[in-house]
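Accompanying notes for the structure given below.
All of the numbers you see were taken from the coordinates with simple rules; none came from a lab. Everything numeric here is computed off the predicted structure, so don't read it as measured data. As a convention, Cβ positions derive from the backbone with ideal geometry for all residues, glycine included, and neighbour counts pool all protein chains shown.
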Amino acid sequence: LPEIPIIAIDGPSASGKGTVAQLVAQELGYYYLDSGALYRLLALAAVGRGVPFDDEEGLARLAEGLTIRFEGGEVWLDGEQVGDAIRTEECGNGASRIAAYPRVRAALLDLQRAFLQAPGLVADGRDMGSVVFPGAMLKIFLTASAEVRADRRYKQLMGKGMHANIKQILHDIRQRDERDSARSVAPLQKCADASLLDTSSMTIVEAVDEVLAWFQQVCVR
Ligand code: CDP
Ligand code: CDP
């Protein structure tokens, strides 16, 4: 059987992974997995059901029972449209806390792998290339300086009419980088076989073109 191509894009918060991954998927006609949305959804569901963020067992059980659907760029949790509720920084911070638990990560593994379908998949997150899809054809570590990322997130939230404070965002980004990099399971780090893409002074289009060019190179090999 021919292998289904996977492009794994990992990197820190607000580096542009999601935007770039979606555009690359669109260009290639591939499926797209926003793995961070799953951790964010779980954080939201935990708050809604009163499961504390330090209850690993309870969180893992909650993760195993979630019914999640992605449709037309929208996320559905147990039959309800979630919208921007998972895009707040609070939800991102909650996601980062619960993502440190091995049992929570294990509970979300099959759900993530189920996104793999022909003709191909572009997946973004923290451990797409290292844990979830180690056999990915192309692995990219997409990053930018913390200041640039805070600025991007600030503008993104303001554009959605959401409350934002640039200093708080920079503080949260640094804290999240630290927590995501320091954890013992699936820490945020560049795998040896990943290509580094620093987009600090790149536009979205330039970053997308670079990823597509790298992909063409691995395809002809
Ligand atoms: O959009 P942003 O990069 O800020 O966050 P996200 O990708 O939506 O992920 C939110 C949090 O979920 C991250 O801070 C990680 O702690 C966690 N996460 C993870 O551990 N593994 C993934 N594959 C994706 C997200
Ligand atoms: O998924 P991740 O948290 O890594 O980032 P994102 O949500 O894709 O991107 C954060 C914001 O930065 C979005 O509003 C993008 O449009 C913007 N961005 C940018 O301005 N320049 C880039 N080169 C990449 C992203």
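Using R0 = 41 Å, the C-beta based FRET efficiency linking Asp110 and Asp209 works out to 0.75. In plain terms, the chain from Glu64 to Arg179 could stretch by 39.0 nm, reckoned as 0.36 nm per residue minus the Cα-Cα distance. Per residue, the average separation of C-alpha pairs within less than 8 Å and at least 6 apart gives the range 9-102 a relative contact order of 27 percent.
Based on Cα contacts under 8 Å between residues 6+ apart, the chain shows a relative contact order of 33 percent.
Secondary-structure-derived ellipticity at 222 nm for the chain, considering helices only, amounts to -15000 deg cm²/dmol, per-run term -39500 (n - 2.57) for DSSP H runs with n ≥ 4.
If you add up the charges near Arg97, with Lys and Arg at +1 and Asp and Glu at -1, over every other residue whose beta carbon is less than 9 angstrom from its beta carbon, what do you get? It works out to a net charge of 0.
Expected output is a single nm value to one decimal: the length gained when fully extending between Ile4 and Asn165, i.e. 0.36 nm times separation in residues minus the C-alpha distance. What is it?
Values: separation 161, 0.36 × 161 = 57.96 nm, distance 4.20 nm.
Separation in residues times 0.36 nm, less the Cα-Cα distance, equals 53.8 nm.
The modelled label-to-label distance for the pair Glu56/Ala192, using points 7 Å beyond Cα in the direction of Cβ, is 2.8 nm. On full extension, the segment bounded by Glu27 and Asp84 gains 18.0 nm, given 0.36 nm per residue less the C-alpha separation. Using a cutoff of 8 angstrom between alpha carbon atoms and counting only pairs six or more residues apart, the relative contact order for the range 68-136 works out to 13 percent. The alpha carbons of the chain stretch over 51, 43, 34 Å along the principal axes, in descending order.
Counting DSSP beta bridges in the chain, what percent are antiparallel, to the nearest 5? About 25 percent, rounded to the nearest 5.
Return a single number: how many Lys pairs in the chain, at a sequence separation of 8 or more or on separate chains, have alpha-carbon atoms below 20 angstrom apart. Intermediate values should be presented prior to the final figure.
Values: Lys17/Lys139; Lys17/Lys155; Lys17/Lys160; Lys17/Lys190; Lys139/Lys190; Lys155/Lys167.
Total qualifying Lys-Lys pairs in the chain comes to 6.
What is the Cα centroid distance between the range 104-139 and the range 146-188, reported in whole angstrom? Computed from Cα coordinates, the inter-centre distance equals 23 Å.
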